Amino acid sequence: MTTHPSRAVIARYADRDADLDEVTMWSLELHLEECADCRGVLAGSTADDTRALLDRIATGLDAGIAAGPAPAPVSAAGRRRMVWSLVPWLVMTVAVLACAVALQALWPSLPSLVSLLAPVAPLPGVAIAWSRRHDPAWELIAGAPAAGLAMLLRRTAGVLAVVVPALALASSRTGSSLAVALLPCLAFTAATIALGGFVGVRRAAIGLGAVWVLAVALPAMVTARLPVVLQPASSAAWALIALVLAGLVFVRADDFRRLTSHH
Amino acid sequence: MKRNLSAADEEELVRRTAAGDRRAFDELYRRTSPWLLTRLRRRCADDDVVADVMQETYLAVWRAAGSFAGAATSGSAAGWLWTIAAHRLVDAFRRRARHNQVPAVQMSEAVAPAAEDEVLAGRVGQELEQALLELPREAREVLRAMVLDGFSVRETSLLLGVPESTVKSRARRARVALREALS
């Protein structure tokens, strides 16, 4: 790229009514993206109405900047704060599991509370990990559209890194099957993310949690029998569901580009 | 920090914006906004929509400059700006699509450059140019959105108002034609 496009071509590009052929337009736009000098030439060849429009945008921008937050801190600090806002939720999750273990020890006749809690245990953490209200980094994500899914997955992995060992420990203390504790947990996490692409992660977590509690956990407490979906025999089905949903997340990865718009 | 604002390149301006330097941001706006506005106007005929997209884009730049600065050295500030603006434009089209009024700019009928434009640098090779020329207009539209503007299939389908499957088949046709031109 040693030669620059002629001023006449740039002026025609700046004039919206002027027709520019396809090939010229393509190479011109590619060039302008890389060449600050030619962008300067373009700025010099704009018409009055363009400048008026730019002034109007600048005025609106002033108002927006005055109303909104200052530039978000560079991501490391933002991430640290994010991690701290997760800590209370993770502590709560672990505490609830510990209570379940204690209750189990006191009343062994109850259906396994740990198994009943396992699917919903990671949901609060996952929901908080991607909530605009709790996330000082959401503007950063808005500025980097492709980062949505990768970032959500990293945070989810962080949540699981705490919840899964806690669950494993809890289920080994109560003697319930490890597979029916961990597989539903993973399946629900995947389901939350997959559904989150459509309705927002937080709403997905609340919805799935409510469905589980109402449809499975409460009836199990009332009848005092472990529901069939949590019998060891159904672990293969849970594994399959988790895999399918994880696959779906990757297929629909695009949805997460705009995740911030429906927190 | 105040010195050499006019000597700083755009990447430097973004980094200073990330530190909360409003003057660097204003300088960035002054330098890049005519280009970005022109490019958006070549894709959307409604000035109100373009103005909204511009405003949202630069607001995101102001607030998220740190994510560019944090992303180390890869990529130009202009390319980053365009990525943000392009996604905001698709958002605007998505909102508009519900009201059935999508004011996209039609592509020009002329494909080959006029003689006086031949001096352009970085010209696409002759064979490629020929191949582009022979592509149906619909396929060229898809190619422009996906190759030049970096849109995904879904975004392209929103922008052009055609189903995703149509975008895919047009892209396939364009790819085959361009591959043949290159071989």
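Charges on Cβ only, +1 for Lys and Arg, -1 for Asp and Glu, centred on the Cα centroid of segment A:7-67; of A:61, A:32, A:13, which one is farthest towards the dipole's positive end?
Most positive-ward Cα: A:61.
Rank the residues B:89, A:116 as a footprinting-exposure proxy: fewest other Cβ atoms within 10 Å of their Cβ go first.
Numbers: B:89 28, A:116 24.
By the 10 Å Cβ count, ascending, the order reads A:116, B:89.
Can you compute the modelled spin-label distance between residue A:218 and residue A:17, with each label point 7 Å from Cα toward Cβ, in nm?
The answer from the label model is 6.7 nm.
Taking N as the number of residues in segment A:7-67, what is its Cα Rg relative to 2.2 N^0.38 Å? Please list the in-between numbers first.
Details: Rg = 14.0 Å, N = 61, 2.2 N^0.38 = 10.5 Å.
Ratio of Rg to 2.2 N^0.38 Å for segment A:7-67: 1.33.
Which order results if A:22, B:127 are arranged by neighbouring Cβ count within 10 Å, fewest first? Provide the component values of the computation, followed by the final result.
Values: A:22 24, B:127 13.
Listing A:22, B:127 from fewest to most nearby Cβ atoms yields B:127, A:22.
Taking the beta-carbon count within 10 Å as an exposure proxy, list B:6, B:165, A:6 from fewest neighbours to most. Don't skip to the answer; put the middle values down first.
Values: B:6 7, B:165 10, A:6 16.
In increasing order of surrounding Cβ atoms, one gets B:6, B:165, A:6.
Only the coordinates and a few stated rules stand behind these numbers; no lab work does. Nothing here was measured: the structure is a model prediction, and the numbers come from that model. Cβ: placed from backbone, ideal geometry, glycine included. Neighbour counts: every protein chain shown.
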